[in-house]
Amino acid sequence: MDVIARAESCWGIPHGEHHEDAVTLTEQAVAELKDRAAREPDNADHSQQLSWALINLAQLLSARRELARADQVALESVAIMRRALAR
């Protein structure tokens, strides 16, 4: 299973119930999705997946009380979606 699928399997599961560090895994998935989006900038699916991963990362960071990082990541997600909608 690739890093994105592993991260997706953690989303929505209460923090104590998954075996891998969901934040680290989601950060890895975000990095992979950013790479995909850079390689194929016209692929709207990559932007949508990246935005979704960033929102999940923001939620995970918020649960850890890393609120400044959570805000930054959420704003990045919103910016991606605004660019996608402007196309």
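What helices (runs of 4 or more DSSP H), lying completely within the chain, carry at least 1 residues that are modelled with pLDDT of 90 or more?
Details: elements: 3-10, 22-39, 44-63, 67-86.
Once the helices (runs of 4 or more DSSP H) in the chain are filtered for at least 1 residues that are modelled with pLDDT of 90 or more, what remains is 22-39, 44-63, 67-86.
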(1) surrounded by 14 or more Cβ atoms within 10 Å (Cβ to Cβ); (2) touching a residue at least 12 places away in the same chain (Cβ under 8 Å) all hold for ASP71 apart from (1)
Number of positions in the range 33-59 that are open to solvent by less than 40 Å² (accessible area, probe 1.4 Å) and closer than 20 Å to ALA22 by Cβ: 8
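The values are calculated or read from the model by the stated rules, or taken from the named source; none is laboratory data. From a predicted model like this one, the values you see are computed outputs, not experimental measurements. Because the Cβ atoms are built from the backbone with ideal geometry, glycine has one as well, and the counts that use them run over all protein chains shown. Only protein heavy atoms, including side chains, enter the accessible area calculation; ligands, DNA and RNA are left aside. Shrake-Rupley method; radii C 1.70, N 1.55, O 1.52, S 1.80 Å.
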